[in-house]
Every structure is written in C-alpha cells, then in structure tokens.
1. Taking region A:22-42, which residues are in contact with a helix residue (DSSP H, G or I) (Cβ under 9 Å, 6 or more places away or on another chain) and more than 10 Å from every other protein chain (Cβ to nearest Cβ)?
2. Condition check: under 26 Å from residue A:55 (Cβ atoms) and either modelled with pLDDT of 90 or more or crowded, with 19+ Cβ neighbours inside 10 Å (or both). Does residue B:357 satisfy that?
3. Looking at region A:43-61 only, could you name the residues that are at the interface with chain B (Cβ under 7 Å from one of its Cβ atoms) and either in a loop (DSSP other than H, G, I, E, B) or within 19 Å of residue B:93 (Cα to Cα) (or both)?
4. Within region B:233-267, how many residues turn out to be in contact (Cβ under 8 Å) with a residue 24 or more places away in the chain, over 16 Å from residue B:341 (Cβ atoms) and aliphatic (A, V, I, L, M)?
5. Kindly indicate which of B:214, B:240 is at pLDDT 90 or above, buried (at least 21 other Cβ atoms within 10 Å of the Cβ) and within 14 Å of another protein chain (Cβ to nearest Cβ).
6. Would you confirm, using the coordinates I've provided, whether residue A:174 is in a helix (DSSP H, G or I) and under 30 Å from residue A:67 (Cβ atoms)?
7. Going by what's in this entry, would residue B:219 be described as of a type in the set (A, V, I, L, M) and not in a helix (DSSP H, G or I)?
8. Just to be sure before I move on: is residue A:316 under 16 Å from residue A:332 (Cα atoms) and at pLDDT 90 or above in the structure I sent?
Amino acid sequence: MKNAILTASAAALALVATAGYASARDQVQIAGSSTVLPYAKIVAETFGETFTEFKTPVVESGGSGAGIKEFCKGVGENTIDIANSSRKMKEDELKSCVDAGVKEVQEVKIGYDGIVFATDIKGPDWALTPTDLYKALAAEVVVDGKLVANPNTKWNQVNSALPDWDIAAYIPGEKHGTREVFEEKLMAAGCKDSGALDVIKAGGQDDKAAAKTCVAVRKDGKAVDIDGDYSETLARIDSNKTGVGVFGLAFYENNADKLKVATVNGVSPSTETIASGEYPVSRPLYFYVKKAHFGVIQGLKEYVEFFLDDQMVGPEGPLAEYGLVAAPDAERQQQRDDFAAGKTM
Amino acid sequence: MTDATLERLPVAKAPARRDIGLKRRYAAERRFRFYGLAAISVGLVFLAVMLLSIFGKGYTSFVQTSVLLPITFDQKVIDPQNKRDSDPNVLVKANYPVLAQRALAERLGISPTDKPQMAALKGFVSDGVRTQLRNMVVADPSLIGTTKDVWVLAGANIDSAFKGQIDLDVAEGNRKVSDKQVAWMNQLRDQGVMEGKFNTGLFTFGASSRPETAGVGVAIVGSFYMMLIVLVLALPIGVAASIYLEEFAPKNRLTDIIEVNINNLAAVPSIVFGLLGLAVFINFMGLPRSAALVGGLVLTLMTLPTIIIATRAALAAVPPSIRSAALGLGASKTQTVFHHVLPLATPGILTGTIIGLARALGETAPLLLIGMVAFVADYPTTPLDPSTALPVQIYMWANEAERAFVERMSGAIIILLVFLMAMNITAIVLRRRFERHW
C-alpha cells in the first residue's frame with residue numbers, strides 16, 4: 001500500500017517533470033460564441049485533416065462575452081489566439097484588450113446568421129410582423145393611447161390572422177447574443193411601427209428610456225427566457241405544441257422535420273433571403289485574431305486563411321451547408337484582402 | 001407465608017385494562033413503513049425512468065451503419081503525375097472522397113457522367129472516408145492500382161434514416177434525406193452490402209463535427225489522465241493530512257478551525273475550484289489552457305476534503321484498544337499508526353477515495369473555466385496537451401443540432417455510467433472483503 005503510493009507519486013512527478021510545459025504551443029486555441037462554435041468546429045476539423053503538418057485547433061465554447069474576455073487577457077502562449085463572436089466587439093472590450101497589451105486585433109466577418117420563429121410541424125402557417133411580436137411580448141403596450149401592462153393573452157388578440165393560441169414564446173435569455181438581435185430587430189422595430197414609441201415619448205420619457213421600455217419583455221410567464229441552447233427550446237416546443245420558439249437558421253434547418261417556420265414581414269427565412277437582406281432578422285458573425293501571435297503559434301495564419309477560403313465560407317462550402325449564410329462575393333473578397341493586408345481594428 | 005397473608009392477595013384477577021395505545025402504535029408503525037416503502041418506490045421509479053430514457057435513446061449509438069464498397073485505388077486520382085516517390089505529400093493531399101463516390105455510383109448502377117444523380121449521392125457516405133482511405137494508402141502505397149472491398153461509414157443522416165429515427169412521412173423538403181437516398185438505402189440493404197456494425201468509432205474517435213466520426217476516445221484519455229493525477233496527488237496528501245490531524249495534532253482551537261474549514265470545503269460548489277484553478281494554475285503558474293494536468297489539479301483540490309473526511313472517519317473507527325496494546329508493547333507512536341491503525345483503516349480510506357474519484361469523474365463545472373469544455377479532435381500524448389473529459393463530451397453533444405448526436409450523447413452517458421458503476425462496485429467489494437467489525 002505505502003510502496004504503491006510512493007511509486008505512483010514518483011511516476012507522476014517524473015511525468016510532469018519530463019513533459020516540461022515550456023515547449024512552444026503548436027496548436028491554435030479558440031474560444032467564444034456558441035453560435036459560431038459549429039462553424040469553427042467544421043473548419044478546425046477540415047483544417048486538421050487537410051494540413052497534416054498542423055494539429056487540429058482546439059475550440060472552446062462559452063459565449064461571445066466570455067471568449068472576448070479571455071482573448072483580451074494579454075498576448076503570449078497562455079492566452080487564446082482567436083475569439084469567436086456573434087456580435088461586433090464593443091468599444092470598451094477593445095479598450096480592455098489594448099490595455100492588456102493586445103494592441104493589434106484583426107476582425108474577420110465570416111457570414112450571417114438568421115434568427116427564425118418556429119412552431120411545431122403540425123401547427124398552422126404563421127405570418128408574423130415585428131408589430132405582432134411587440135404587442136404580444138412587450139411588458140407594456142399602448143391601449144387607447146395609454147401605456148398599460150400587456151393585457152393580451154392570445155395570439156389572435158394581437159392580430160386576427162394569427163391562431164387562437166395562448167401566447168407562449170420561448171426566447172433567448174439575456175446572456176445570449178441572439179437576445180440583442182431579437183430586441184433590436186423585432187421589439188424595437190415593432191414598437192416603432194405600431195406607433196407605440198411616439199406614445200411612450202409623449203408620455204415624458206426621453207429617447208433612451210423609451211428605447212428601454214420598448215424592448216422590455218413581459219415577465220408574467222407568457223414569454224419564457226431560455227438560457228440554454230436551441231435544443232432546450234426545441235424540447236419546450238415538443239412538450240407545448242402551441243408554443244413559439246426562437247431558433248438559429250442552422251438549427252431550424254437541421255430539425256425541419258419537427259418545426260414549421262414562420263414568415264416575418266411576409267418573407268420566409270432562407271440563406272437566399274437573408275443574404276439579400278429581405279428577411280429582416282439576421283446578424284453578422286465574426287472572429288477576432290491576435291496579430292502578435294502570427295509566426296509564434298504554428299498554423300494560426302494558415303487556419304484563418306483556410307477559414308476565409310471559398311471552399312469553407314463560400315456559398316457552396318460546408319459552412320453554408322450547415323446553415324451559415326455566406327456573405328456576398330465582394331464582401332468575402334474584401335475580408336480576404338483586409339486580412340492579407342493586415343488591417344487591424 | 002401463612003394462609004392469612006395469602007387470602008389478602010387478589011386471586012388471579014385480571015389487571016384493569018389500561019389503554020397503552022397498542023392499536024395506535026401499531027398503526028403508526030405500519031404508516032411509517034408505508035411511507036418508507038413509498039419513498040423508496042418513488043426513488044426507484046425516477047431511476048427506472050431515467051435509465052429507460054437513456055438506454056432507449058442511447059442503445060442505437062453502439063451500432064453504426066456502414067456500406068461495403070469496392071474501392072478502386074485509381075492512380076489517376078491519387079497520384080496523376082506519378083510523383084509519390086519524390087513527394088510523399090501527394091498521397092496525403094489526394095482527393096480520396098472521389099474514390100468512394102465512384103465506388104458507390106458503381107454499386108448503385110449510376111453513370112459517373114449523370115451529374116444530378118451524382119450530386120444526390122453527396123452526404124450518403126461519410127466525409128470521414130478521406131482520412132480512412134488516406135491512412136490505408138499511406139500505410140501501404142502498393143494498394144494503388146488495385147481494387148479492394150472496404151467498409152466505409154454511412155453519412156449521419158443516412159445512418160439516422162437507416163435506424164428509423166427520421167420520420168419518412170414528413171414532406172421530402174422538410175427532412176434531411178431525400179426519397180431518392182431512401183430508395184438507394186433500401187437497395188443497398190437488399191443487396192446485403194449495407195448494415196449496422198458495432199460502432200467501435202464511438203470509443204476510438206475524438207470529437208468531430210460529423211456525428212458518424214465523433215467518439216469519446218479523447219475524452220476517455222483526458223478523464224484517465226485526470227483521474228491518475230487526482231489519485232496520485234489527493235490520496236497521499238489527503239491520507240497524510242488526516243493521519244496527522246487524527247493521531248498527532250493537539251486538539252486546540254487551531255485544529256478545530258482547520259476541521260471546520262475542511263468540512264466547509266467539501267460543500268463548496270465545484271465551479272469555485274474552477275475559478276481558483278484559472279487564477280492560480282493558468283494565470284499565475286502559466287500552465288497551458290485546456291490541459292488535463294490543470295483539470296487534474298483542480299479536481300484534486302475538489303476531492304481532497306472528501307478524502308480527508310473519509311480517512312479521518314476510518315481512522316477514528318479503529319478501536320483505542322489496538323493503539324493501547326501497541327503502545328503497551330513498546331511501539332512508538334509512528335509504529336502504532338503505520339503498523340496497526342493505518343492497515344485496519346485502509347478499506348475505509350479506499351472506499352472514500354473511490355467515491356471521491358467517482359465524483360471527480362462526473363464533474364464539468366470546474367473544467368469550463370480552465371478551457372476543457374472544448375472541441376478537441378487530436379489525442380493528447382501527455383497531460384499537458386489539450387483534452388476533454390467524458391461528462392464534457394456529453395455536454396457538448398447535448399448542444400448539437402444534428403439528430404444523430406442525440407443518440408451519441410445517450411451512448412456517452414451509458415459509457416460514463418458504466419465507468420461510475422464499476423468504480424462504485426469496486427468500492428463496495430473492497431469494503432466487504434477487508435472491513436473488520438469490532
């Protein structure tokens with residue numbers, strides 16, 4: 001017993017000592033958005049298979065904010081090389097990066113992601129507008145020229161064309177990047193379109209407060225925040241057949257045999273309508289690279305170049321097949337040129 | 001004893017019935033037994049539902065649909081300029097999926113010039129054939145120019161459809177397999193060249209974005225490294241600390257504070273240890289991110305209190321008579337502890353250690369912050385290379401969109417449960433075999 005412990009300890013010490021962690025990192029490390037994760041995984045895997053001289057990059061998930069925070073910790077082998085993000089890096093985030101010594105950050109836009117509303121496959125067809133969503137889901141709506149707590153309980157009270165279903169919407173929780181898009185492109189737009197914004201402003205709120213009132217979601221249980229992933233939203237729809245859920249386009253396309261998608265402003269979401277800008281609810285996806293790590297971390301530059309190659313991000317590539325909306329040709333070329341020129345933020 | 005005194009005694013008269021609440025007490029006991037049974041049944045029902053749902057969803061993941069294809073290793077495709085002797089890279093970069101595509105077209109009787117049909121074949125066979133065929137050719141270049149029957153993996157959607165997990169009654173546009181692919185699938189099955197085979201890949205592959213080539217191999221290696229580190233560090237430190245605290249340390253306020261702190265640490269949420277690991281091991285000591293070494297160190301910190309508490313309880317359970325006898329025969333304090341007390345406490349210590357290890361094996365929260373919740377495709381060669389752990393792999397797969405990952409997730413849960421069960425059974429067996437009752 002005692003001898004076994006001694007031998008094992010000695011073996012472990014020897015293992016740690018011989019391995020020596022000072023050796024240069026030969027593997028790209030990536031962290032960030034869970035929306036970008038599937039795309040980064042596909043590229044990382046194909047990269048590892050194509051360039052046998054490099055190791056497959058390691059891709060962590062954990063969210064855009066967490067990824068950027070890790071990214072901005074500083075430069076050096078113990079920090080990550082790339083941060084995936086489902087939104088643009090904020091000014092103060094960039095500032096914290098620069099303060100920590102990450103002076104040169106290259107921004108790469110990889111394409112667009114659509115956000116769709118879907119119901120159970122057996123439900124009726126849905127045609128939504130931002131106004132409907134605002135009236136159904138806002139905390140306070142305008143009734144007879146006055147701002148009151150949302151009285152609507154059924155979808156057909158909001159718009160008679162919608163079915164007679166109790167309002168039950170599963171929307172992304174506040175930590176998700178998707179929530180921002182939902183608020184900005186739907187709630188705020190619906191607030192403005194329905195004329196509620198003017199009433200709120202007339203009620204004495206300044207621009208900032210009015211914008212906040214517009215995007216406040218009702219908290220009476222009719223709109224449910226989903227903090228997990230889309231698979232959780234799908235499970236909710238599975239158990240409540242009259243629920244409406246918010247999904248990413250890629251997730252919907254992978255589960256199109258279980259879900260029926262709603263049109264927004266009469267446009268059905270697809271890679272084509274999102275690329276053309278007809279479908280209103282989409283957002284660009286990014287990743288950020290540390291310029292200081294080129295030449296230090298093996299394969300980093302090659303990985304970014306491989307990612308931007310049309311065989312990956314192009315409209316015929318595996319990312320588009322999974323559900324990414326490819327950027328237009330000129331924009332992709334622009335990204336490649338900017339990267340090659342070493343353009344920093 | 002006279003007759004007179006006898007007479008005064010009451011003669012065999014039954015005592016007055018006192019109400020001792022016999023009925024009520026029996027009823028209370030029956031009720032209590034019923035509550036106990038009900039509690040156990042509820043627990044068992046939940047366990048059964050959980051196991052049934054996991055096994056029901058997961059058993060199919062141990063089978064993977066494969067297709068037997070006569071692959072012609074055509075030199076025109078692999079090495080058109082015949083340069084493989086001067087440049088070995090030619091064999092690595094060749095377009096191997098085309099070989100499988102052609103072989104499949106031949107099997108199905110599709111002409112290679114029929115573009116729309118060939119396009120519909122896309123995704124029928126897994127993209128993993130690139131690596132599979134490449135490894136075959138690199139290992140044995142003499143294959144070039146020959147034809148060989150090779151089992152290749154079917155694509156994930158075909159695999160799901162073959163197992164009946166895709167509802168074929170849904171409109172064709174709304175599902176991931178076309179009617180044409182289903183017809184081909186049935187044709188191949190009738191020919192006997194498409195069948196479900198045991199999914200060894202689930203145990204050997206690393207993480208992958210393709211369900212059919214995704215496995216828990218890297219995660220098992222990562223978990224193994226971490227368990228080794230936990231065992232090697234936490235057991236000696238934990239046992240040494242408990243022996244000192246239990247046998248040698250004076251009982252004063254300081255040791256009381258230490259004891260309270262150890263008990264508190266055992267109850268600290270594991271994510272806190274992750275934060276500590278990030279701050280100390282990665283940011284301060286500069287150890288690499290995502291490495292099993294850091295994961296093992298964090299889990300060691302988490303397991304230490306459990307081991308210390310179990311060890312102290314085991315040491316305290318050794319009767320004082322053993323110590324007194326040893327001391328009385330002239331043994332020193334150290335000899336008493338190491339020759340008599342520790343051997344008797346060993347079964348309890350081992351049980352506590354194994355239960356602590358089992359808990360560490362199932363942890364994901366502390367690993368999140370040190371970068372181990374990650375997509376890792378390459379096997380780690382040392383504990384310093386990036387790796388994942390079994391529960392992390394389950395978590396990652398739970399978030400995937402593809403249908404085929406759902407069964408793989410349940411499959412991975414089954415594998416984890418088997419490991420946990422094996423560890424717990426070992427603990428029980430050790431206890432049964434070596435435990436002494438006094």
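1. The answer is A:28, A:32, A:33, A:35, A:36.
2. No; evaluated as a whole, the condition is false for this residue.
3. A:44, A:45, A:48, A:49, A:52, A:55, A:56, A:61
4. Here the count works out to 7.
5. B:214 is the lone residue from the list that is at pLDDT 90 or above, buried (at least 21 other Cβ atoms within 10 Å of the Cβ) and within 14 Å of another protein chain (Cβ to nearest Cβ).
6. Against the criterion (in a helix (DSSP H, G or I) and under 30 Å from residue A:67 (Cβ atoms)), residue A:174 does not qualify.
7. It is false that residue B:219 is of a type in the set (A, V, I, L, M) and not in a helix (DSSP H, G or I).
8. The answer is no for residue A:316.
The values are calculated or read from the model by the stated rules, or taken from the named source; none is laboratory data. For clarity, every value in this text was computed on a predicted model and none was experimentally measured. With ideal geometry, Cβ positions are generated from the backbone for all residues, glycine too; neighbour counts draw on all protein chains shown.
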